[in-house]
Amino acid sequence: MTEMIEVPDAESDWEPATELTASRRNPARQASMFQSATWPLSSLALLSVDLEAVARRLKLTLESSWDGHGRVRAAFFELDGTDFVVTHHEGDAPGTHVWTRKGGPVDPAARGGSLLAALGVGPEAVSYSTWGVGTDLRHVPAAWGRGRGKPTWSYQDLWARFRTSPEQFVGRVSFRAAVAFLNGYDIASDKILLYGFREWLAAKLGYGRNLVYSVLAENLIFPDGRPEEPWSPETEQHAVTGLIDLIDEYFDHLAGTPEARPETV
């Protein structure tokens, strides 16, 4: 059994995480389970701390529900620009399971570090994580679907390589080839890469919520109109570079506006 780490009580001047005050001291801001029901989530870590202690420290209100793995207690909150969920399923080993909202490549270690700092505990509280800290795999909860897919960092690394050298992945660089690769990449990453991208492009253009992202991107890359085909190698390279730049801009938007949750249609 994993030894539980003690979490300090909340600071004396922290208000409850559910209160929306002008001058906030509590680093956590809580959202309800109902408000957050549509968030696509990624597993982040298993902490050797009691869920009640996490709630006490951040002054969270725990909510109870159930899913395919049984009864679960949870709290949804935003902290340091990241949407977190902390849960514990009835019957699981002691500990707190941590999840985050998907939305483009992320740095899971940085997200985990922000939460540990707010809790007032160190990395010794991490039993297992997607960024490599902790090795006690016996305590990975059943709800995480052990063994499914690769950790988030592998998608992040692949995107970094693709954006600098797309020709390594698509051969002769063309807009259609890049879109086909990104569509496959998006499906393989469980919709991590392009979640909300189409809605963001439509908002940027002011129209086109019924169009696919590649058409919306073309309208932004070629504001004077789509060039006639066949495209020259220079035009193809310009289009691919423009698409990559738009995706990077979207990731910057997510990082700078964490409360922005795209409405899907």
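Read the figures in this text as sums done on the coordinates, not as results from a lab. Predicted model, so just to flag it, every value in this text is computed and none were measured. Methodologically, a virtual Cβ is constructed for each residue, glycine included, from the backbone with ideal geometry; neighbour enumeration extends over all protein chains shown.
Between residue 41 and residues 5 or more places away or on another chain, which pairs have amide H atoms under 5 Å apart, with H built 1.01 Å from N, and which residues are they?
102
Provide the per-residue ³J(HN,Hα) series for the range 108-123, in order, calculated from phi with Karplus coefficients 6.51, -1.76, 1.60 and θ = phi - 60°, each as a whole number of Hz, with x at glycine and proline positions.
x, 5, 5, 5, x, x, 4, 5, 4, 5, 5, 7, x, 10, x, x
Please compute the contact order of the range 153-256 in relative form: average sequence separation of alpha-carbon pairs under 8 Å and at least six residues apart, divided by the residue count, as a percent. Write down the numbers at each step before the final one.
Working: 59 pairs, mean separation 28.3, N = 104.
In percent, rounded to a whole number, it is 27.
Could you sort 225-236, 166-177 so that the peptide with the highest average Cβ count within 10 Å comes first and the rest follow in order? Write out the running numbers ahead of the final one.
Values: 225-236: 11.2, 166-177: 15.2.
Those peptides, ordered most packed to least, come out 166-177, 225-236.
Using 7 Å Cα-to-Cβ label points, what is the residue 25/residue 248 separation (nm, one decimal)?
Going from the residue 25 label point to the residue 248 one covers 4.2 nm.
Order of 208-218, 120-130 by packing, highest average Cβ count within 10 Å first? Walk me through the numbers before you get to the answer.
Working: 208-218: 17.2, 120-130: 19.2.
Ranked by mean Cβ neighbours within 10 Å, highest first: 120-130, 208-218.
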